[in-house]
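Peer 1: Encoded as structure tokens, here's the structure I'll be asking about.
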């Protein structure tokens, strides 16, 4: 009300949202057992921002829809939340009526900006609003009007971040108005151009190499996803390439390569100029490296090399040859020989980060060749010389950690794990199931109880949409190695590899750490038989016993 002495107390989301939803769901559909801990219930409540009225109205729809159908429909319309309970006032009868009542109290410029803000699928900051908002009624400032909307509780300011968002129900309401007014195409195009312009403020190599830029990109990932789709729909495949390059570091080091594969597959079906086509092939090779598909990596790298011209960027030529060399990783001697080409190209490009990156991969190859002394010498040098937030430092930490795991050096493994975690935290990338699994395996070599860590890793992978059972069985196999039980370790290795891994890093761990240890202690026939027994079980079965509390063997 803005009267003297007034104190505004911001209300956060309802912490008991899933419990409230489950109670109301039981009233609507008593034949179903509704569990507030069901991940589907939690996800639905989060999408509705745990607003009590929205939860009650959504639960009432379970008489008509299944939980999955309800979640799908809520993503596209607000009309589902229109039931009116007996005795409710007309003003608060439905979510739509509640929001519409508040909307009609706004000034024209406030209504205009609220409609425009609905194009942001997630978070945004003042800079994004100022750069892409349309001219407002009366020449009002977008930043000032944004502040007014925050004061009127129609925009949420995320404390301590400088970022804002709309509650999902308000965003859908605003988007409906934007569509009705015919303003959506222009607003979405301004949003798309803003995303691309922001990415072009950094060079392509910076986007490729920098964890800090990747952390910033992750904060705006939903905005980037929307801009990517809009770029393809608009026929601007070159703009889509710019966006995809911003996601590359995340695909390979944070969120996994599944989405990356989908983006690259879409890009390959569009017409782009040769320079951008070369980057599409490099992206494809990078994704193939991430998922351990050496054949696809070799094909993509070769396709990129075919497009090399006298005016090509030396950076692109270097990356193409790097992936071509790494496609032979299973043959360490051949890979070392082939890495001489990208090393020379990196040096001639004048990019120290690329030189460091090639050296870091050379250290990984030395580890695969069981040349621990060379690997240690290189990673110790790179730990001093690698860029502060670059991919070269990320790979250096990974190789140093894997060397420590191969030597069962708990102190060194923890040191490298801490260094990598600090790198991830400073960049803003945040923890993922991949980093959680590395922390779990570090707990194994340290002799601690790692099982709760592994259960947590499985939960993270499930929430991020990854079937990581094969990857997680590696931790159990490594625990057997550390305990000197090599035949059970080999059986678990058979189970793990039969389930396939989500990332090349785990194929390398399998070969460089587990395989080398176990083959020192088992004969060829004994090894073969143990692997075969392991292939007869599924990773899900093994991990189910772990979750139930048994030893997992």
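The values are calculated or read from the model by the stated rules, or taken from the named source; none is laboratory data. Keep in mind it's a predicted model, so treat the numbers as computed, not measured. We place every Cβ from the backbone using ideal geometry, glycine too, and count neighbours over all the protein chains shown.
Peer 1: Before we move on, is residue 401 out of contact with any strand residue (DSSP E or B) (no Cβ under 8 Å at 6 or more places or on another chain), assigned to a helix (DSSP H, G or I), outside the structural domain of residue 319 (by TED's automatic domain parsing) and surrounded by 21 or more Cβ atoms within 10 Å (Cβ to Cβ)?
Peer 2: So residue 401 passes the test.
Here's the yes/no breakdown for (1) more than 25 Å from residue 224 (Cβ to Cβ); (2) free of Cβ contacts under 8 Å to residues at least 24 places away in the same chain:
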residue: 108; (1), (2): yes, no
residue: 115; (1), (2): no, no
residue: 133; (1), (2): no, no
residue: 138; (1), (2): yes, no
residue: 176; (1), (2): no, no
residue: 179; (1), (2): no, yes
residue: 182; (1), (2): yes, yes
residue: 194; (1), (2): no, no
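Peer 1: Now, a different point. Which residue, of 339, 307, 319, 345, is in contact with a helix residue (DSSP H, G or I) (Cβ under 7 Å, 6 or more places away or on another chain) and closer than 18 Å to residue 508 by Cα?
Peer 2: The unique qualifying residue is 339.
Peer 1: Given the criteria within 24 Å of residue 517 (Cα to Cα) and either part of a helix (DSSP H, G or I) or over 31 Å from the mean Cα position of the chain (by Cα) (or both), does residue 374 qualify?
Peer 2: In short, yes.
Peer 1: Can you pull out the residues in the range 26-64 that are more than 30 Å from residue 152 (Cα to Cα) and within 32 Å of the chain's Cα centre (by Cα)?
Peer 2: 34, 35, 36, 37, 38, 39, 40, 62, listed by residue number.
Peer 1: Out of 439, 475, 419, which single residue is assigned to a helix (DSSP H, G or I), surrounded by fewer than 24 Cβ atoms within 10 Å (Cβ to Cβ), in the same structural domain as residue 491 (by TED's automatic domain parsing) and touching a helix residue (DSSP H, G or I) at 6+ places or on another chain (Cβ under 9 Å)?
Peer 2: 439
Peer 1: Hey, another quick one. Can you tell me which residues in the range 458-472 are free of Cβ contacts under 8 Å to residues at least 60 places away in the same chain and either within 10 Å of residue 492 (Cα to Cα) or assigned to a helix (DSSP H, G or I) (or both)?
Peer 2: Across the range 458-472, the qualifying residues are 459, 460, 461, 471.
Peer 1: Which members of the range 50-64 meet the condition of being touching a helix residue (DSSP H, G or I) at 6+ places or on another chain (Cβ under 7 Å) and part of a loop (DSSP other than H, G, I, E, B)?
Peer 2: 50, 51
Peer 1: Given the structure, is residue 158 more than 21 Å from residue 224 (Cα to Cα), touching a strand residue (DSSP E or B) at 6+ places or on another chain (Cβ under 8 Å) and modelled with pLDDT under 95?
Peer 2: In short, no.
Peer 1: Within the range 319-335, track down each residue that is free of Cβ contacts under 8 Å to residues at least 12 places away in the same chain and assigned to a loop (DSSP other than H, G, I, E, B).
Peer 2: Within the range 319-335, just 331 meets the criteria.
Peer 1: A further question follows. Given 316, 259, which one is in a helix (DSSP H, G or I) and more than 21 Å from the chain's Cα centre (by Cα)?
Peer 2: Selected residue: 316, the only one of 316, 259 that is in a helix (DSSP H, G or I) and more than 21 Å from the chain's Cα centre (by Cα).
Peer 1: While we're here: Please specify each residue of the range 140-172 satisfying the condition of being touching a residue at least 40 places away in the same chain (Cβ under 8 Å) and more than 14 Å from residue 110 (Cβ to Cβ).
Peer 2: Result: 163, 164, 165, 167, 168, 169, 171, 172.
Peer 1: Right, here's the next one. Report yes if some residue within the range 285-294 is out of contact with any helix residue (DSSP H, G or I) (no Cβ under 6 Å at 6 or more places or on another chain) and surrounded by fewer than 20 Cβ atoms within 10 Å (Cβ to Cβ); otherwise report no.
Peer 2: The answer is yes; a qualifying residue exists.
Residue by residue, here is whether (1) modelled with pLDDT under 85; (2) not in a loop (DSSP other than H, G, I, E, B) holds:
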residue	(1), (2)
2	yes, no
7	yes, no
21	no, yes
26	no, yes
35	no, no
41	no, yes
46	yes, yes
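Peer 1: Something else: Looking at the range 326-345, is at least one residue closer than 27 Å to residue 368 by Cα, at pLDDT 90 or above and under 25 Å from the mean Cα position of the chain (by Cα)?
Peer 2: Yes, the range 326-345 contains a residue that is closer than 27 Å to residue 368 by Cα, at pLDDT 90 or above and under 25 Å from the mean Cα position of the chain (by Cα).
Peer 1: Residue 251 - would you say it is buried (at least 22 other Cβ atoms within 10 Å of the Cβ), within 19 Å of residue 300 (Cα to Cα) and touching a residue at least 40 places away in the same chain (Cβ under 8 Å)?
Peer 2: Against the criterion (buried (at least 22 other Cβ atoms within 10 Å of the Cβ), within 19 Å of residue 300 (Cα to Cα) and touching a residue at least 40 places away in the same chain (Cβ under 8 Å)), residue 251 does not qualify.
Peer 1: When you check residue 309 against the structure, is it farther than 23 Å from residue 501 by Cα and without any contact (Cβ under 8 Å) to a residue 12 or more places away in the chain, yes or no?
Peer 2: no
Peer 1: Continuing with this model, one more query. Quick one: which of 224, 298 is part of a helix (DSSP H, G or I) and under 30 Å from residue 164 (Cα atoms)?
Peer 2: Exactly one residue qualifies, and that residue is 224.
Peer 1: Based on what the data block shows, is residue 477 out of contact with any strand residue (DSSP E or B) (no Cβ under 8 Å at 6 or more places or on another chain) and modelled with pLDDT of 95 or more?
Peer 2: yes
Peer 1: Scan the range 282-297 and report the pairs whose first residue is at positive phi and whose second residue is assigned to a helix (DSSP H, G or I), with Cβ atoms within less than 9 Å and a gap of 6+ or a chain change.
Peer 2: 292/504; 292/505; 292/506; 292/507; 292/508
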